[in-house]
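What follows is a short report on a single structure.
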Amino acid sequence: FVDRSTISSLACAARIVSVANLDGRRRAINQSSSQGPTRDGREKPDIAAPGTDIVAAKGFAGTDRWLSMTGTSMASPYVAGVAGLMLAVNPTLTSAQIGGILRRTARPLAGSDFRWRDDAGVGAIDPERCLDEAVAMRAERDIT
């Protein structure tokens, strides 16, 4: 990946959350992760999540039960899991609210601020803050 706008067309859709591959040990984006912006100038990826050297159940025939993989294919399910947990604590959330919470609660990577970056989106996902905000949005307040 030597230039910008290497993010795939599937990750460019307006109403999806596009995820960058975060190397958790280095607290940096893995060099294999695609970069934005989209070819028409929109800000993708949206957020970064752990996707480097992830150990998962293999699920295939054979004696090996585990495998280690790197890529956005490992980072994206992490974000989907957080979104699922957010819906578990607040089933009324819309997809727009989930996307907004994911971006609003992200932590900047070292040497960055809260602005969008072409390789990391708005920063690293913060699952605890996502869940806290999902619960807070469920709270009702009587204003009468």
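The values are calculated or read from the model by the stated rules, or taken from the named source; none is laboratory data. Just so it is clear, the model here is predicted, and its values are computed rather than measured. Only protein heavy atoms, including side chains, enter the accessible area calculation; ligands, DNA and RNA are left aside. Shrake-Rupley method; radii C 1.70, N 1.55, O 1.52, S 1.80 Å.
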**Complete:** Note on the chain, DSSP bridge orientation, antiparallel percent to nearest 5 equals 60 percent
**Asked** In degrees from 0 to 90, rounded to the nearest 10, what is the angle of the helix 72-89 Cα long axis to the longest principal axis of the chain?
**Response** 20 degrees
**Message:** Given Cα positions, please report Rg to Rh for the stretch 90-144, the hydrodynamic radius being the Kirkwood one.
**Reply:** 1.09
**Prompt:** Angle, helix 95-104 long axis vs. longest principal axis of the chain, Cα atoms, 0 to 90°, nearest 10?
**Reply:** 80 degrees
**Request:** With the convex hull built on the Cα atoms of the chain, state its orientation-averaged projected area in nm².
**Result:** 11.0 nm²
**³J(HN,Hα) computed for each position of the stretch 38-50 - Karplus, 6.51 cos²θ - 1.76 cosθ + 1.60, integer Hz, glycine/proline x** = 5, 4, 9, x, 7, 7, 9, x, 8, 8, 10, 9, x
**Request:** On a 0 to 90° scale, report how tilted helix 127-138 is relative to the longest principal axis of the chain, with both axes built from alpha carbons and the result rounded to the nearest 10.
**Result:** 30 degrees
**Complete:** Rounded to whole angstrom, the alpha-carbon centroid of the stretch 105-144 lies from that of the stretch 31-70 at a distance of 21 Å
**Coordinate range along principal axes, alpha carbons of the stretch 1-62, Å, largest first** = 44, 27, 20
**Complete:** Taking only protein heavy atoms and a 1.4 Å probe, the highest-to-lowest accessible-area order of I101, I7 is I7, I101
**Asked** So how do K58, K44 rank on accessible area, 1.4 Å probe, biggest first, that is with the largest at the start?
**Response** K58, K44
**With DNA, RNA and ligands ignored, accessible area of T52 (1.4 Å probe; Å², nearest 10)** = 20 Å²
**Prompt:** Counting only protein chains, not ligands or nucleic acids, how are C130, C12 ordered by accessible area (probe 1.4 Å), most first?
**Reply:** C12, C130
**Request:** Run the accessible area of the chain with a 1.4 Å probe and give the carbon-and-sulfur part as a rounded percent.
**Result:** 54 percent
